[in-house]
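Participant: Have a look at this one before I ask anything.
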Amino acid sequence: MKVAVMQPYLFPYLGYFQLVHATDVFVFADDVNFIKRGFINRNKILVQNKEQYFTVPCNKASQNKLINEIQISTQSKGYPENILQTIRQAYTKAPFFTDVFPIIESIFHSGIDNIATLASTSVKSISNYLEINVDFKYSSESFSHTRGQERSMRLLNITKELGSDSYVNPKGGDVLYDKDFFKKQGINLNFLIPEIPPYNQFNNDFIPSLSIIDIIMFNSIEETKLLLNNYRLV
């Protein structure tokens, strides 16, 4: 059984979903500090052949607050219709727009007022659409007793409590986590390296690393499943 722990991101890019797909238990780290200008409350889509951010407005978002303490500014003018209108206009001619847009619309119309919940819901909903079978958990609910532990030790303890000896982390974590240290604690640490080949985007030059929204607008479930398996564990 493989375990991963990650902050909840809003409609994250394919590499995030490859991590979800590569694991059996995926823990949303919602009780760690919010990251400003990260991907917790925003992401990028293709607008007129260029990448463009869409952002969920948040009340007093600060890196001194935990992600699950950040409330969405639901009363902000135009939210969430401005975001939905941007996505609608950008992808209305995409081949899978009629399949995908209602999912996005339902998430933004869900009445969720917490960014951790909205972001994690976006991941769970798209995972369900892509038929990814994984057990989702929240660190604030299942592992609150591990808060305050040193980062590596928290990941080790969460993995052990789940009865697993295998932890998977995005490749960037190789500067934070030592495979030998994990091994000495009885946990096999692997890093996931995503490989994302170009796909057709309105016959324009390919723009990589956009939100999963872009991928599922242009690719069928079956085609996206092939992309989900395009990674290496090292």
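Residues checked against (1) in a loop (DSSP other than H, G, I, E, B); (2) in contact with a Phe, Trp or Tyr (Cβ under 9 Å, 6 or more places away or on another chain); (3) open to solvent by 10 Å² or more (accessible area, probe 1.4 Å):
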residue: Pro8; (1), (2), (3): yes, yes, no
residue: Leu19; (1), (2), (3): no, yes, no
residue: Arg37; (1), (2), (3): yes, no, yes
residue: Asn43; (1), (2), (3): no, yes, no
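Participant: Going by what's in this entry, would Lys93 be described as in a loop (DSSP other than H, G, I, E, B) and under 28 Å from Glu223 (Cα atoms)?
Facilitator: yes
Participant: Got a number for residues in the range 159-189 being in contact (Cβ under 8 Å) with a residue 60 or more places away in the chain and open to solvent by less than 60 Å² (accessible area, probe 1.4 Å)?
Facilitator: 8
Participant: May I ask you to verify whether Ile196 is of a type in the set (A, V, I, L, M) and under 27 Å from Gln52 (Cα atoms)?
Facilitator: It is true that Ile196 is of a type in the set (A, V, I, L, M) and under 27 Å from Gln52 (Cα atoms).
Participant: Scanning for something more than 21 Å from Glu51 (Cβ to Cβ), open to solvent by less than 20 Å² (accessible area, probe 1.4 Å), of a type in the set (A, V, I, L, M, F, W, C) and part of a helix (DSSP H, G or I), does the range 222-232 turn up at least one residue?
Facilitator: Looking through the range 222-232, at least one residue is more than 21 Å from Glu51 (Cβ to Cβ), open to solvent by less than 20 Å² (accessible area, probe 1.4 Å), of a type in the set (A, V, I, L, M, F, W, C) and part of a helix (DSSP H, G or I).
Participant: Does any residue of the range 167-176 turn out to be more than 23 Å from the chain's Cα centre (by Cα) and assigned to a helix (DSSP H, G or I)?
Facilitator: Within the range 167-176, none of the residues are more than 23 Å from the chain's Cα centre (by Cα) and assigned to a helix (DSSP H, G or I).
Participant: If you don't mind, another one. Residues of the range 134-158 being assigned to a loop (DSSP other than H, G, I, E, B), open to solvent by 40 Å² or more (accessible area, probe 1.4 Å) and not basic (Lys, Arg), which ones?
Facilitator: Gly148, Gln149, Glu150
Participant: Hey, any hits in the range 169-187 for a residue that's of a type in the set (S, T, N, Q) and farther than 30 Å from Ala94 by Cα?
Facilitator: Checked against the condition, which is being of a type in the set (S, T, N, Q) and farther than 30 Å from Ala94 by Cα, the range 169-187 yields at least one hit.
Participant: Just to be sure, is Phe34 closer than 15 Å to Asn114 by Cβ and touching a strand residue (DSSP E or B) at 6+ places or on another chain (Cβ under 6 Å)?
Facilitator: no
Participant: How many residues are open to solvent by 50 Å² or more (accessible area, probe 1.4 Å) and more than 23 Å from Thr159 (Cα to Cα) if we restrict to the range 117-133?
Facilitator: Result for the range 117-133: 2.
Participant: I would also like to ask the following. Kindly indicate the residue of the range 51-86 that is in a strand (DSSP E or B) and either open to solvent by less than 30 Å² (accessible area, probe 1.4 Å) or not charged (D, E, K, R) (or both) and also farthest from Ser110 (Cα to Cα) among those meeting that condition.
Facilitator: Filtering first and then ranking leaves Gln52.
Participant: Further question: Take the residues in the range 190-214 that are closer than 16 Å to Leu228 by Cβ, β-branched (Val, Ile, Thr) and at pLDDT 95 or above, then tell me which one is surrounded by the fewest Cβ atoms within 10 Å (Cβ to Cβ).
Facilitator: Applying the filter and picking the extreme gives Ile193.
Results for (1) assigned to a loop (DSSP other than H, G, I, E, B); (2) at pLDDT below 95; (3) within 18 Å of Gln201 (Cβ to Cβ), shown as yes or no for each residue.
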{"site": "Arg88", "(1), (2), (3)": "no, no, yes"}
{"site": "Asp99", "(1), (2), (3)": "no, no, yes"}
{"site": "Ser106", "(1), (2), (3)": "no, no, no"}
{"site": "Ile112", "(1), (2), (3)": "yes, no, no"}
{"site": "Ala119", "(1), (2), (3)": "no, no, no"}
{"site": "Ser127", "(1), (2), (3)": "no, no, no"}
{"site": "Ile132", "(1), (2), (3)": "yes, no, no"}
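The values are calculated or read from the model by the stated rules, or taken from the named source; none is laboratory data. Keep in mind that what you see is a predicted model, and the values were worked out from it rather than measured. Positions of Cβ are backbone-derived with ideal geometry, glycine not excepted, and every protein chain shown enters the neighbour counts. Accessible surface is based on the protein model in full, side chains and every heavy atom, while ligands, DNA and RNA are left aside. Shrake-Rupley method; radii C 1.70, N 1.55, O 1.52, S 1.80 Å.
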